[in-house]
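First the structure, in the form of structure tokens, and then the observations on it.
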Amino acid sequence: MRYLLNGDLANQRGLTDAHKSLLQEAYVFLEGVLARPEMFAETPSRAVEIVEGLEYHIQQLWDFDPDRTKHRYWCRLKFCSCPTLDNDELFGTGMRRINYSCPYHGDVRVGTWDEFKGLTGG
């Protein structure tokens, strides 16, 4: 799978072909974790940590300062019930909308994938 990079931004940032290749790999890996987190993480909370780490890594590859307020993938994990569109609108503000019943981010976070499957039917 190939991720379509923003070529204008890559040129503006002066990214080398090596950086573009690393970005491709990071985005493909991120998409895999988002779609099948149980394959990449021992627990749901570890999946959240992996996504956050990848968001920081991608920012660094783009040569941006690491900034948690500019993360957009954290609420795109499979079965995350936090509102994606609301969070897209809050991008860069430092605020996040959390669904309190979300098994990743809510009040009752699950500890194992077996518990997770019981909640999501997945």
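A few notes on this one:
- Here the gap between residue 90 and residue 113, fully extended at 0.36 nm per residue and compared with their Cα-Cα distance, gives a gain of 5.3 nm.
- Label-point separation in nm, residue 31 to residue 46, each point 7 Å along Cα→Cβ: 2.5
- Cα shape, the stretch 32-117, gyration tensor, a/c 1.5 rule: oblate
- Isolated cysteines of the chain, defined as having no other cysteine beta carbon under 4.7 Å away, are 80, 102.
- Taking every C-alpha pair closer than 8 Å and separated by at least 6 residues, the mean separation divided by the residue count of the chain gives a relative contact order of 21 percent.
- With the cut-off at under 16 Å, measuring from each backbone N in the stretch 15-39 to a point 7 Å along the Cα-to-Cβ line of residue 57 picks out 19-39.
- Gain on full extension, evaluated as 0.36 nm per residue between residue 39 and residue 13 minus their Cα-Cα distance, stands at 6.0 nm.
Readers should treat all values here as calculations from the given coordinates under stated rules, not as data from a laboratory. All values derive from a computational prediction rather than experimental measurement. All Cβ positions, glycine included, derive from the backbone under ideal geometry; neighbour counts span all protein chains shown.
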